[in-house]
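Quick note: the coordinates plus some simple rules give every number you see, no bench work behind them. These figures come from a predicted structure and were not determined experimentally. A quick note on method: Cβ atoms are made from the backbone with ideal geometry, for glycine too, and the neighbour counts reach across all protein chains shown.
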Amino acid sequence: MDAHSLPAALAGQPLARVEREGVHYTLLGTAHVSKESVEAVQAALESGAFDVVAVELDPARHRALVAPEALASIDLVAAIKSGKAGLLAANLALAAYQRRLSEQLGIEPGAELKAAAVGATARGLRLLLVDRDIGTTFRRAWARLGFWKRAMLGAGIATGLVVDERVDDTAIEKLKQGDVLEASFAEFAGTSPELYESVIAERDRYMAAKLRAAALPAGSRVLAVVGAGHLAGLAQALEHGEGTPEAEIASLEALPQGSRIPWFTLLLAALLLGGFAWGWQQGGIETGGAVLLHWVLVTAAGGALGCLAAGGHPLSILAAAAASPLTPLHPALGSGTVSALVEAWVRSPGYADFLALREDTRRLGGWWRNRVARTLLNFFLTSLGTALAVWVAGAGMLAKLL
């Protein structure tokens, strides 16, 4: 594709142009909160210069943009049982953050991606969804973070579920030149090299591999619509990427494997046994029992208070209290999971709750009114309450042992 073949609609826009294996790629860098970017995408499609459109979306985000009613098909109980409640809650927190942006700026974040996807389909152009699943990105980012960054991210997401603060101007300016997911993660956990690698650099390589894996015929003209923060990295990966794209995709979709030895669980078990042994040595079974009772009461209170803050049903609160002392010793008995399952069983969300989910979570009170949102809030706040209580109880026992 020569320099004169560039559509006039793209003049002055952030662009990178790559030719590889006979395929002509025009990478359009957009601001995810810019009406001008939406207009540039629409004009580029109307020019008729492209026969393939690629967008920085994965199938789940594409569905959420073009068919938000698809949320009603979620099996909430199955998601909780399979350990995806945290991911669902994180997605809602990200959506809440992006809605705050939308209300401030008068445009939905990612509107230009929606315009590209809808416009390509309407014109009968081949549409490629080239971004990595947000759940995979979240898990890989989480695995890279240390303890304190994880704590910041978890607390930030929990806060993001219930706080409706204005997004500051500095964050908005960064977003215009960056990436909506990076800005959302940074809102909850701050910036770090680990987040950049998982949220930006890996996705640059992933999107390049997806474009190559599409096996487009020579002569194809591709318009790739991506956030401005990906423009340079994607162009570099697309032009110089080596190896088979399938191998690159598989590598970047692989989930990190945790240690097979549950060190944290073993440490807590040792702490509990040590505290009980200390109490026994100091005053026999009565003192040892008092140490154990202290652990049970503090952790049970933490989980119960978290569930209460989420507006949990009395049975959910009891379930949280019962599971919290055991949570650190067995992941399957996580207090947030147990209380959320009870909440979903006692107050089973209806079809209307799923349909109203996006609207209800626009306002603080809607999180407690909508049964889907309240169940996920239950999971997060119960888990947070238990985690804080475990550290308080554990610190107290450790102080006695030392």
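The label point for LEU315 and the one for ARG139, both projected 7 Å from the Cα toward the Cβ, are 3.1 nm apart. Computed from the C-beta positions of ALA43 and VAL346, the FRET efficiency with R₀ = 45 Å rounds to 0.30.
With both labels modelled 7 Å from their Cα along Cα-to-Cβ, the ILE285 to ALA201 distance reads 5.9 nm. When Rg and the Kirkwood radius Rh are both evaluated on Cα atoms of the stretch 354-399, their ratio Rg/Rh stands at 1.28. Near the amide H of ARG362, within less than 5 Å, lie no amide hydrogens of residues on another chain or at least 5 residues away, with H placed in the peptide plane.
Among 205-215, 354-364, the peptide with the highest mean count of other Cβ atoms within 10 Å heads the list, and the full ranking is 205-215, 354-364. The label point for TRP368 and the one for GLN236, both projected 7 Å from the Cα toward the Cβ, are 4.9 nm apart. Between SER251 and VAL118, the FRET efficiency estimated from the beta carbon spacing at R0 = 30 angstrom works out to 0.40.
Each peptide in 126-134, 49-57, 12-20 receives the mean, over its residues, of other Cβ atoms within 10 Å, and ordering these scores from highest gives 49-57, 126-134, 12-20. Of the peptides 244-253, 319-328, 343-352, the order by per-residue mean of other Cβ atoms within 10 Å, starting with the highest, comes out as 319-328, 343-352, 244-253.
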